[in-house]
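As structure tokens, the structure follows; a few thoughts come after it.
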Amino acid sequence: MYSKILILRFPREVAHKPIVCHLVKDYDLMFNILNAQVLPRKEGILVLELYGEKKNFKSGVSFLKDQGVKVTNADQEVKRLEERCTHCGACTAVCPTGALHIRRPEMRVEFEEQKCSVCELCITACPTRAMRIRPTNKMFFE
Ligand code: SF4
Ligand code: SF4
């Protein structure tokens, strides 16, 4: 599974078309909409987490660009949903920076965000989807 947070800017001519639906139907991708806005000149901006197989992801993004949508990556950070973490330790095996590590003797998995390189390896390694990628700021619509 591959996932990224993308900022999609739809020019006025295509803002009314159901382009994003094709990502699901034709490219077998899934998405979570994080924010959406229509600007005064009728351009649309959509911030979404898009995920699926990497080759489908690339094809889907190419499709968006072919439709005239401007696609950019959002600045991202990794967060842990504490209530989802079972402290199974799977993420500590893949984390290259030691941001995720086991505290002994309690055997609890700690997450030190300041050590995180946002490599995203823990996101696919976590069986409960406790590790999430998020945009670092909310200034998408400036
Ligand atoms: S893999 Fe997920 S559930 Fe397991 S310790 Fe890491 S964050 Fe928690
Ligand atoms: S994104 Fe990479 S560096 Fe950050 S906690 Fe996950 S595995 Fe470790």
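The values are calculated or read from the model by the stated rules, or taken from the named source; none is laboratory data. None of these values were measured; they are calculated from a predicted model. Every residue, glycine among them, receives a Cβ derived from its backbone with ideal geometry; neighbour counts consider all protein chains shown. Note: areas computed on protein heavy atoms with side chains; ligands, DNA, RNA excluded. Shrake-Rupley method; radii C 1.70, N 1.55, O 1.52, S 1.80 Å.
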Item to check | Among (1) buried (at least 16 other Cβ atoms within 10 Å of the Cβ); (2) assigned to a loop (DSSP other than H, G, I, E, B) - the single one Cys91 does not satisfy | outcome: (2)
Checklist outcome for this item: Picked from the stretch 71-84 (must be free of Cβ contacts under 8 Å to residues at least 60 places away in the same chain and out of contact with any Ser or Thr (no Cβ under 7 Å at 6 or more places or on another chain)), the residue farthest from ligand 2 (Cβ to nearest atom) is Glu83
Next on the checklist: If I ask for residues that are open to solvent by 30 Å² or more (accessible area, probe 1.4 Å) and at positive phi, which ones from the stretch 51-71 would you list?
Outcome noted: Gly68
Checklist entry - Given the structure, is Pro96 open to solvent by 80 Å² or more (accessible area, probe 1.4 Å), more than 13 Å from ligand 1 (Cβ to nearest atom), over 30 Å from Val20 (Cα atoms) and touching a residue at least 24 places away in the same chain (Cβ under 8 Å)? => result yes
Checklist entry - Within the stretch 25-54, can you find the residues that are within 30 Å of Phe111 (Cβ to Cβ) and without any contact (Cβ under 8 Å) to a residue 12 or more places away in the chain? => result Ala36
Checklist entry - Quick one: how many residues across the stretch 49-88 are assigned to a helix (DSSP H, G or I) and under 17 Å from the mean Cα position of the chain (by Cα)? => result 9
